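The values are calculated or read from the model by the stated rules, or taken from the named source; none is laboratory data. Every value quoted in this text rests on a predicted model; they were computed, and no experiment measured them. Cβ: placed from backbone, ideal geometry, glycine included. Neighbour counts: every protein chain shown.
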Amino acid sequence: SNGVTAYITERQRSIATMRSLGATSARLFTHFLAQILVLSALAIVMGLVIGGLSTLIVLPVLGHLLALDLKPGLQAPPLLTAAGFGVLIGFSFAFLPLMRAQTLRPASLFRAAGSGHAEGGLRWRQLLRPSALLPLAASVLALGGLAALTTREPILVGWYAAGIFGAFVLLRLAA
């Protein structure tokens, strides 16, 4: 989320120009979501390649050190699971900063272009709109579902999710 916020902040001048030329909020959202998803896809591919290569290199060395017969190999299910988590996390963490970018006015963006801080943000009412709540809830539920399927421990995933939610509430109250 902070990475996407920084990415959007760096492009405030472009956003202001696009908004003043008549770009709609939906157009901006789609434009920057496409950019972020392409970057996410590149990161996912790099992670899969590095993970696959490290498995092929590390398993024989580790097997030799532990006197175990660890055969190197690539398996599709773990790689597909990792890619699924990457896509869901990429979308989940990009969604709110992109929603926030939709609410910014061109005048405030031009004023803030040099400082890096623009006015605006999402209010709770905006977050509770179906256009904001449904995609975010779907991605969070998909993440939880994938975690539950992967671990085969839905109760553990549920408690972990409850802990994350509790920490989020406490941090929001402290802010």
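Does the stretch 37-51 include one or more residues that are surrounded by 15 or more Cβ atoms within 10 Å (Cβ to Cβ) and more than 28 Å from residue 137 (Cα to Cα)? Within the stretch 37-51, none of the residues are surrounded by 15 or more Cβ atoms within 10 Å (Cβ to Cβ) and more than 28 Å from residue 137 (Cα to Cα). For the stretch 85-134, a residue qualifies if it is at pLDDT 75 or above and more than 17 Å from the chain's Cα centre (by Cα), and the qualifying residues are 102, 129, 130, 131.
If the condition is being in a helix (DSSP H, G or I) and either loosely packed, with under 13 Cβ neighbours inside 10 Å or in contact with a His (Cβ under 8 Å, 6 or more places away or on another chain) (or both), then the stretch 10-29 contributes 10, 18, 26. No other residue among 74, 42, 70 is part of a helix (DSSP H, G or I) and either over 23 Å from residue 149 (Cβ atoms) or free of Cβ contacts under 8 Å to residues at least 60 places away in the same chain (or both) apart from 42.
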